[in-house]
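**Student:** Structure provided below as structure tokens; questions to follow.
The values are calculated or read from the model by the stated rules, or taken from the named source; none is laboratory data. Since this is a predicted model, take the numbers as computed values, not measurements. Counting neighbours? That spans all protein chains shown, and the Cβs are built from the backbone with ideal geometry, glycine included.
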Amino acid sequence: MTRLPPPVAIIWDWDNTLVDGWAAIAAGLAAAFTEHGLTPWTQDQVKARVRRSLRETFPEIFGARWEAARDTFYREVRAQHLQVLTPMPGAEAALRAAAALVPLAVNSNKQGPLLRAEAEALGWAPLFTRLVGAGDAEADKPDPAPMRLGLVACGVGASPAVWYVGDTALDMQAARNAGCSAVLLGDAAHDGGVGHANPDAVFASGHALAEYLQCLAKPVPTGQI
């Protein structure tokens with residue numbers, strides 16, 4: 001893993017990076033699967049399998065019925081996602097430490113309106129220049145299109161000095177596709193581990209990342225004369 005350059009902007013994944021919203025996602029999938037005669041996934045299976053956006057994966061799962069399944073999924077998620085939403089450990093500390101340094105954005109495969117509603121509910125929306133969700137760009141993560149929207153909002157170009165922070169190998173791929181540094185948060189145990197994710201850098205938790213960013217904010221002591 002390489003040494004990270006100091007960031008000029010940080011773009012974040014959302015689910016399982018900043019928030020735990022798996023209960024609502026699992027409930028939405030269970031409702032869609034049951035309605036269409038499929039066996040629902042367990043929550044562990046949901047965590048291991050949910051990576052790409054719904055508009056990419058539902059046609060593969062449900063075929064011609066995917067739009068009806070989509071409507072069922074979103075109806076169930078909207079009914080409960082704000083009630084079960086929980087910040088990941090250290091996430092708010094990491095966000096606030098980062099916001100004191102550089103502009104921030106989000107690139108998530110959660111539907112844009114759901115993403116923005118969750119950020120508002122947590123009081124985090126003002127921390128970001130833009131919250132980009134699935135459907136907001138012409139293609140979804142790991143395509144670089146949504147990352148480019150975040151870069152424009154942050155007022156920077158793609159470079160290793162832009163960090164993309166996520167929790168899966170797909171997030172690391174998205175970072176590299178956009179020409180940014182791939183920063184893993186957590187151990188990616190739900191996604192084959194750190195080796196499979198192959199990040200440029202890894203932080204064990206939001207607390208560890210917050211501490212690192214706070215150190216970057218400290219002025220370098222000048223030498224004694």
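**Student:** Does R70 meet the test of being on the phi < 0 side of the Ramachandran plot, part of a helix (DSSP H, G or I) and in contact with a Phe, Trp or Tyr (Cβ under 8 Å, 6 or more places away or on another chain)?
**Tutor:** When the stated conditions are applied, R70 passes them.
**Student:** While we're looking at this one, here's another question. Test D167 against the criterion of being modelled with pLDDT of 95 or more, assigned by TED's automatic domain parsing to the domain that holds A210 and over 15 Å from W12 (Cα atoms), and give yes or no.
**Tutor:** Against the criterion (modelled with pLDDT of 95 or more, assigned by TED's automatic domain parsing to the domain that holds A210 and over 15 Å from W12 (Cα atoms)), D167 does not qualify.
**Student:** I would also like to ask the following. Would you mind stating whether G37 is in a helix (DSSP H, G or I), on the phi > 0 side of the Ramachandran plot and over 19 Å from the mean Cα position of the chain (by Cα)?
**Tutor:** no
**Student:** Same structure again: What residue, of A175, A210, is at negative phi, touching a Phe, Trp or Tyr at 6+ places or on another chain (Cβ under 6 Å) and either modelled with pLDDT of 95 or more or aliphatic (A, V, I, L, M) (or both)?
**Tutor:** A175
**Student:** Please state which of the following conditions H81 fails to meet, knowing it meets all the rest: (1) of a type outside the set (D, E, K, R); (2) part of a helix (DSSP H, G or I); (3) farther than 16 Å from A121 by Cα.
**Tutor:** Going through the list (1) of a type outside the set (D, E, K, R); (2) part of a helix (DSSP H, G or I); (3) farther than 16 Å from A121 by Cα, H81 breaks only (3).
**Student:** Would you check which residues across the range 5-55 are closer than 28 Å to A125 by Cβ, among the charged types (D, E, K, R) and at pLDDT 90 or above and list them?
**Tutor:** Within the range 5-55, D13, D15, D20 qualify.
**Student:** Check off (1) closer than 24 Å to V132 by Cα; (2) touching a Pro at 6+ places or on another chain (Cβ under 7 Å) for F33 and give me the number that stays unchecked.
**Tutor:** That leaves (1) as the condition not met.
**Student:** Within the range 34-86, restricting attention to residues that are aliphatic (A, V, I, L, M) and closer than 13 Å to A23 by Cα, which residue is surrounded by the most Cβ atoms within 10 Å (Cβ to Cβ)?
**Tutor:** V77
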